[in-house]
1. Can you pull out the trypsin sites (Lys or Arg not before Pro) in the stretch 1-97 whose DSSP state is coil and whose Cβ has at most 16 other Cβ atoms within 10 Å?
2. Note down the nm distance, to one decimal, between modelled labels 7 Å out along Cα→Cβ at Glu117 and at Val54.
3. I need the peptides 120-133, 143-156 ranked by packing, meaning the mean over residues of other C-beta atoms within 10 angstrom, with the highest value on top.
4. Quick one: Debye curve from the alpha-carbon atoms of the chain only, equal weights, vacuum; give me log10 I(q)/I(0) at q = 0.11, 0.14, 0.16, 0.17 Å⁻¹ to two decimals.
5. If R0 is 45 Å, what FRET efficiency do you get for Asp96 and Asn155 from their C-beta distance, rounded to 0.05?
6. Checking the table Lys12/Lys126; Lys4/Lys32; Lys4/Lys30; Lys4/Lys136 against a 24 Å threshold on Cα-Cα, which pairs fail?
7. Which percentage, to the nearest 5, of the DSSP beta bridges contained in the stretch 1-130 is antiparallel?
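No lab work stands behind these numbers, since they all come straight from the coordinates. Just so we're clear, the structure is a prediction, and the values are computed from it rather than from any experiment. Heads up, the Cβs are rebuilt from the backbone with ideal geometry, glycines too, and the neighbour counts pull from every protein chain shown.
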Amino acid sequence: MFIKIKDLELRKMEFDETLLPGTMDLGEVKLKVPLRATGRAELVRESRGPRNIVEDIRLVGNLSTRVETRCARCLEPVDNTVAEDFDLIYRPQGVDTKGEEASISKAETEIGYYQGEGLLLEDALKEQILLALPAKQVCRPECKGLCPHCGRNLNQETCSCATTAPEPRWAALEDIRKKLER
Ligand SMILES: [Zn+2]
Ligand SMILES: [Zn+2]
């Protein structure tokens with residue numbers, strides 16, 4: 001759904017969208033169930049001087065869905081429930097000088113930019129889903145991951161790599177010990 005600034009100048013817009021798995025490109029992340037998003041879009045006029053009014057798009061609402069990511073250690077699928085409330089401001093691209101855009105403080109991270117006529121709701125939702133997920137996810141805190149030598153999933157099986165191929169620095173110590181024993 002495209003949110004047009006011209007439409008918002010007339011009235012605010014309510015939305016109730018359902019996006020099916022496969023209709024959104026989230027990269028490595030997969031939608032497992034339809035994404036539901038409800039809320040409203042409205043125009044916010046930011047006054048920056050007597051004749052300088054900036055027209056922002058404010059998006060308020062919530063989204064819920066379930067997505068699949070991969071464990072950073074063992075690469076097995078991990079299920080995530082995503083349920084987010086959002087209150088976002090999008091300014092016209094280019095309205096802030098480069099310096100200002102770069103100096104956005106933590107408190108202002110909810111500010112984004114739209115290009116041209118308006119904003120694609122799906123793009124805003126996509127961003128919210130990705131922000132809601134932890135950067136490095138593990139299937140469980142005690143996940144043992146994959147063996148760096150043979151690639152076996154150590155949660156499911158054990159391997160003998162640890163004894164047959166010790167880490168190089170231990171091997172070096174072992175050599176020294178043997179020499180000292182002589
Ligand atoms: Zn894992
Ligand atoms: Zn191994």
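1. Within the stretch 1-97, the qualifying trypsin sites (Lys or Arg not before Pro) (loop, at most 16 other Cβ atoms within 10 Å) are Arg11, Lys12, Lys32, Arg48, Arg51.
2. Rounded to a tenth, the inter-label distance reads 2.4 nm.
3. Details: 120-133: 16.9, 143-156: 14.1.
Descending packing order for the listed peptides: 120-133, 143-156.
4. With one equal scatterer per Cα and no solvent, log10 I(q)/I(0) is -0.66, -0.87, -1.03, -1.10.
5. E between Asp96 and Asn155, to the nearest 0.05, is 0.40.
6. Result: Lys4/Lys32; Lys4/Lys30; Lys4/Lys136 exceed 24 Å.
7. Beta bridges within the stretch 1-130, antiparallel portion: roughly 90 percent.
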